[in-house]
Amino acid sequence: MKMGAKRFLIFLCFTILTKAFTQKKLSDHPLPNAAQLSWQKAELGAVFHYDLHVFDKKKYLQTGISGNRINPIPDYQIFNPEQLDTDQWIKSIKKAGFKFAIITATHETGFALYPSNVNPYNVKALKWKDGKGDIVGDFINSCRKYGILPGIYVGIRWNSFFGVHDFKVNGTGEFQKKRQLYYNQMVEGMVKELCTQYGPLFEIWFDGGASHPDLGAPDVLPIVKKYQPDCLFYHNNQLAEARWGGSESGTVPYPCWSTFPTPYSHTGDTTTDHINLLKHGDPEGKYWMPAMSDAPLRGYNGRHEWFWEPGDEEHIFPLEELMHMYYNSVGHNSTLIMGLTPDPRGLLPEADVKRLEQWGEAIEKTFSKPIATTAVKGKELALALNGSKIIQNIVIQEDISQGQRIRKYNIHGFTNGRWRVIAEGQSVGHKRIHRLEPIAVEQLRLEIQESTLPPIVSFFGVY
């Protein structure tokens with residue numbers, strides 16, 4: 001064999017081995033599925049809380065969460081949203097820049113906001129609209145009308161009407177077993193109804209998780225995966241395609257990784273270590289599981305109201321607090337979901353609508369007109385600013401369809417005739433926002449110091 005042929009064979013073998021090694025490394029690297037990718041790119045969503053006790057004219061804290069979980073509402077006919085307008089709800093969040101919305105089809109009272117054939121405790125029993133109302137259907141139609149991705153929240157952990165506490169029906173012996181079987185079958189039937197009657201869903205949210213059938217809970221995962229294979233599943237003890245970010249502050253601490261060590265996020269473990277794991281994720285985690293930040297809009301100054309109550313406008317978060325949330329959720333590689341609540345009229349209150357509008361305008365004003373941007377593969381990105389510019393925000397984004405690869409980086413600014421580090425970090429993921437004290441720079445340089453695979457920066461911009 002000639003020397004050239006030998007060299008070619010050696011080169012070919014080396015290429016094949018290198019490719020096999022690279023493919024193995026890529027296969028070991030967690031990647032998002034299509035639903036997770038869309039969910040992270042959406043960045044901002046809303047969850048609309050609506051239930052019977054919105055109409056009882058009482059402060060929510062007079063009964064408290066535990067009270068709603070235990071005490072059935074004395075008269076469900078109080079539910080009477082005479083001016084119901086789900087278009088108004090959705091237009092309010094659309095104007096603020098939100099991309100998806102979720103409705104509480106059921107919450108802790110167990111009352112269903114849609115006409116169910118398996119759960120008798122639902123809107124069909126109301127005098128309102130002669131029992132022909134369907135808030136879930138109206139909501140989803142409004143979402144599609146205004147280009148908002150629709151999702152459904154299904155509360156099954158608590159049900160004060162059926163006497164269910166932490167998935168378990170009250171009682172003992174055969175009485176309890178038969179009622180538990182009925183409840184589980186009813187829940188599974190409701191999940192099938194919600195998955196088959198309203199078209200494609202963006203997310204299904206089981207608050208507090210949906211437990212596990214081996215623990216005696218309803219078996220919901222195979223139903224969702226059969227009828228809504230493209231929607232984000234959040235979550236039970238078998239699977240979490242997103243994870244709770246460890247608090248209801250609307251923020252996650254930095255760094256926040258999109259990966260996790262197990263395919264499920266909650267195990268009943270409330271230790272500090274587990275809460276920290278939920279908040280930060282695990283850069284070495286084998287499962288893609290991005291973090292959710294959530295908070296109610298009416299959660300300011302010592303209150304935390306997911307549901308409307310009278311005289312609560314002063315607890316709407318101020319604009320500066322909402323911007324703080326944005327920087328420390330979306331800007332920390334987390335999707336932010338804000339809790340909104342219509343009032344007894346069936347409308348989102350004017351004060352809430354106004355604050356959402358102000359928030360959307362502030363985000364738009366800050367991030368709609370970058371001074372300069374670039375996107376390039378490699379470990380170093382340069383950004384010339386066409387002269388000295390005052391900057392305050394730097395945004396970095398990875399192409400997370402190829403995983404979260406960056407592990408350490410710094411940003412240099414050329415100012416006063418020299419380069420100096422003006423920001424540094426670890427996690428980037430879908431989006432990392434650095435908020436700086438205003439500084440004049442002529443150029444920027446992003447240096448990726450550590451990465452698990454060759455980094456792919458899809459966006460590097462300055463504002």
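The values are calculated or read from the model by the stated rules, or taken from the named source; none is laboratory data. Since this is a predicted model, take the numbers as computed values, not measurements. Note that each Cβ is placed from the backbone with ideal geometry, even for glycine, and that neighbours are counted across all protein chains shown.
A few remarks follow.
- The set of residues from segment 260-275 being modelled with pLDDT of 85 or more and either assigned to a loop (DSSP other than H, G, I, E, B) or among the basic types (Lys, Arg) (or both) comprises Pro261, Thr262, Pro263, Tyr264, Ser265.
- Whichever residue in segment 81-115 is in a loop (DSSP other than H, G, I, E, B) and acidic (Asp, Glu) and, among such residues, is nearest to Phe233 (Cα to Cα): Glu108
- Residues of segment 392-420 that are out of contact with any helix residue (DSSP H, G or I) (no Cβ under 8 Å at 6 or more places or on another chain), more than 30 Å from Asp28 (Cβ to Cβ) and surrounded by fewer than 21 Cβ atoms within 10 Å (Cβ to Cβ): Gln392, His412, Phe414, Thr415, Asn416, Gly417, Arg418, Trp419, Arg420.
- Checking each residue in segment 237-252 for being over 16 Å from Gly151 (Cβ atoms) and either not small (Gly, Ala, Ser) or not in a loop (DSSP other than H, G, I, E, B) (or both) picks out Asn237, Gln238, Leu239, Arg243, Glu248, Thr251, Val252.
- The residues listed here are Lys132, Lys99; of these, the one that is surrounded by fewer than 24 Cβ atoms within 10 Å (Cβ to Cβ), among the charged types (D, E, K, R) and over 30 Å from Glu364 (Cα atoms) is Lys132.
- Verdict on Glu350 being closer than 23 Å to Trp39 by Cα and without any contact (Cβ under 8 Å) to a residue 40 or more places away in the chain: no
- Of the criteria (1) crowded, with 20+ Cβ neighbours inside 10 Å; (2) closer than 17 Å to Ala112 by Cα; (3) without any contact (Cβ under 8 Å) to a residue 40 or more places away in the chain, which one Tyr182 fails: (1)
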